[in-house]
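Inspection log for the structure reproduced underneath, given as structure tokens.
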Amino acid sequence: MSNAITGTLQLGTELGGRYKLVVVTATVGTASDTITLTAATHGITAITTLVGAVITGGLDAEFSNIQVSFSGLVLTVVSIENDGTAATNFTGTTVSIAVIGTM
């Protein structure tokens, strides 16, 4: 089951031309969450590259890895336990995700 969560803008830095580095943070709550970026909130109209993603809180055996993908302006965050199965405990689980997008 996928859950829509809010990505809070932490950084929005313009690069050369029409590109922008955007870093968002979010609290995840299921094994598969989605974050929708918007031009009004995040300053980009398309994601061109996923730069990286890290767990910033709640790292433990039941939440030890994340995989992030994107389609359009939607980021999908898959949370995984250290044994490779879907994560089951989301106490204090936060992530930071960086993308490059176009304005």
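Couple of notes before you dig in:
- ALA61 sits among other residues whose Cβ lies under 9 Å from its own Cβ, and their net charge, with Lys and Arg +1 and Asp and Glu -1, is -4.
- Considering only ALA87, ALA46, ALA61, the mean-square fluctuation computed in a Gaussian network model of the chain, springs between alpha carbons under 10 angstrom, is largest for ALA61.
- Shape descriptor for the chain: Rg over Rh equals 0.99 (Cα atoms; Rh from the Kirkwood inverse mean 1/r).
- Electrostatic dipole magnitude of the chain [Cβ: Lys, Arg +1; Asp, Glu -1; Cα centre; debye, to 20]: 480 debye
- When each of PHE63, PHE70 is scored by the number of other beta-carbon atoms lying within 10 Å, the sequence from fewest to most is PHE70, PHE63.
- 9 Å beta-carbon shell around THR88, net charge (K/R +1, D/E -1): -2
FYI, it's all coordinate maths here, none of it is from the lab. Please read these numbers as outputs of a predicted model, since none were measured by experiment. For neighbour counting, all protein chains shown are included, and Cβ atoms are generated from backbone atoms with ideal geometry for every residue, glycine included.
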